[in-house]
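I have placed the structure first, in the form of structure tokens, so that the comments after it can refer back to it.
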Amino acid sequence: MTQQQLGLFADPHEGPAGLRYAENFIDATAEQELIGRVATLPLQRFQFGAFEGNRRVASFGYRYDYALQRLAEADPIPDWVLPVARQAEAWAGLAEGSVRQVLCTEYEAGIGIGWHRDKPHFDKVLGLSLGAPCKFRFRRRSGDKWERHTLEALPRSLYLIDGEARSQWEHSIPPVEAKRYSITFRTMKGR
Ligand SMILES: O=C(O)CCC(=O)C(=O)O
Ligand SMILES: [Fe+2]
């Protein structure tokens, strides 16, 4: 029997390989400014095939068209996002300009996001949290069970989803308790 089947992990707090997290990535002033910017975007209810999700989003650079199941071009990444995108690239050790897609999302209280992996067109995924905290949950199949991990994503924090966290683990956010915004930065695979 393996350690895993016995429920014995080397470190139960370790979490998925390829997941990195930094608290206080930006200060409260920058957070308020970014919230102001995102809140005044023409956010659209997330369209997932015939269903309408409840979170509201705006995509820049590229957007994934769920109806056509392909990437489409979107408005260019706005100037006000560029400094924090550059800061996120530097923290992740990515070349300047690697972030080619930016997704701004608003979650009202009671809204979350279901289990998924981000589209394979994208490579690395970075996420800046604004407003309310959330539980950022991860799971992956392990035999007939799920291996799980929860990251408490605090406002002003940044996460990086790369490696196994990106390729093997799914993530989701249960309904948030108060309004949360996120700015997600994605690099592109093979571009
Ligand atoms: O709000 C977030 O931090 C992440 C949202 C997410 O997982 C996604 O849009 O793919
Ligand atoms: Fe995601």
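Please treat every number below as a calculation from the coordinates, not as lab data. Source: prediction; values computed, not measured. Cβ coordinates were reconstructed from backbone atoms using ideal geometry, including for glycine residues, and neighbour counts include every protein chain displayed.
Results, tabulated for the structure shown:
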{"quantity": "Peptides 126-134, 34-42 ordered by average Cβ neighbours within 10 Å, highest first", "calculated": "126-134, 34-42"}
{"quantity": "Added length on full extension, which subtracts the Cα-Cα distance from 0.36 nm per residue, Gln69 to Ala90", "calculated": "4.4 nm"}
{"quantity": "Using θ = phi - 60° and Karplus 6.51 cos²θ - 1.76 cosθ + 1.60, couplings along segment 57-66 (whole Hz; Gly, Pro as x)", "calculated": "9, 9, 10, 10, x, 9, 9, 8, 8, 5"}
{"quantity": "Nearest-ten-degree value, helix 82-92 long axis tilted from longest Cα axis of the chain", "calculated": "20"}
{"quantity": "Taking Thr29, Thr184 and counting other C-beta atoms within 10 Å, the order from fewest to most", "calculated": "Thr29, Thr184"}
{"quantity": "The chain - charge dipole about Cα centre, Lys and Arg +1 at Cβ, Asp and Glu -1, debye rounded to 20", "calculated": "520"}
{"quantity": "Three-way shape call for segment 19-188 based on the alpha-carbon gyration tensor, with the a/c threshold at 1.5", "calculated": "rounded"}
{"quantity": "³J(HN,Hα) computed for each position of segment 143-152 - Karplus, 6.51 cos²θ - 1.76 cosθ + 1.60, integer Hz, glycine/proline x", "calculated": "x, 9, 10, 10, 8, 10, 8, 10, 9, 7"}
{"quantity": "Anchor Lys145: lysines whose Cα lies under 27 Å away (excluding residues fewer than 8 positions away in-chain)", "calculated": "Lys119, Lys124, Lys135"}
{"quantity": "Glu108/Thr29 FRET efficiency (R0 25 Å; Cβ-Cβ; nearest 0.05)", "calculated": "0.55"}
